[in-house]
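Have a look at the structure below, then the notes.
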Amino acid sequence: MAETVILCRDDEVVEGEIRQAPLPDGTNVALYRVAGTIYATADMCTHGEASLAEEGIINGKIVECTFHFGTFDVTTGEPTGMPCEIPLKTYPVTVVDGNVQIEV
């Protein structure tokens, strides 16, 4: 059964920045605001060793993770260039009473 997790306040996700939030299982999710809409992806690169909140660069809908020099689309998690090896897990985001939440 899915669990609803409140990640942060809506106004804490700033356009052009990456915000990291913890999940109940000890992993993190990376949050992005693109053209006013908030997106969430698993906070890991293909090797799972670098935090995108620390290592990533966001430019529009495309994020580059400098750890493995790949890019992906935050709206889908799909790779947009080499050498991205795998898509990242994406979570549907809802905002309820000003809180950003996902189902995990």
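Could you identify the single residue in F67, F72 that is modelled with pLDDT under 85, aromatic (F, W, Y) and not in a strand (DSSP E or B)?
Working: F72 fails: not in a strand (DSSP E or B).
Within the list F67, F72, the selection yields F67.
Identify, please: which residue in segment 75-96 is farther than 25 Å from T4 by Cβ and either open to solvent by 70 Å² or more (accessible area, probe 1.4 Å) or not in a loop (DSSP other than H, G, I, E, B) (or both) and is, among those, modelled with the lowest pLDDT? First the steps, then the outcome.
Keep residues of segment 75-96 that are farther than 25 Å from T4 by Cβ, which gives 78-86.
Next, only the ones that are either open to solvent by 70 Å² or more (accessible area, probe 1.4 Å) or not in a loop (DSSP other than H, G, I, E, B) (or both) stay: 78-82, 85-86.
Values: E78: 84, P79: 83, T80: 82, G81: 73, M82: 61, E85: 64, I86: 69.
The extreme case among them is M82.
Which members of segment 36-57 meet the condition of being modelled with pLDDT of 80 or more and of a type in the set (A, V, I, L, M)?
Taking segment 36-57 first, the residues modelled with pLDDT of 80 or more are 36-42.
I38, A40, A42, listed by residue number.
The values are calculated or read from the model by the stated rules, or taken from the named source; none is laboratory data. Fair warning: this is a prediction, and the values are worked out from it, not measured in the lab. Ideal geometry is used to build each Cβ from the backbone, glycine not excepted, and the neighbour counts take in all protein chains shown. Heavy atoms of the whole protein, side chains included, go into the accessibility calculation; ligands, DNA and RNA do not. Shrake-Rupley method; radii C 1.70, N 1.55, O 1.52, S 1.80 Å.
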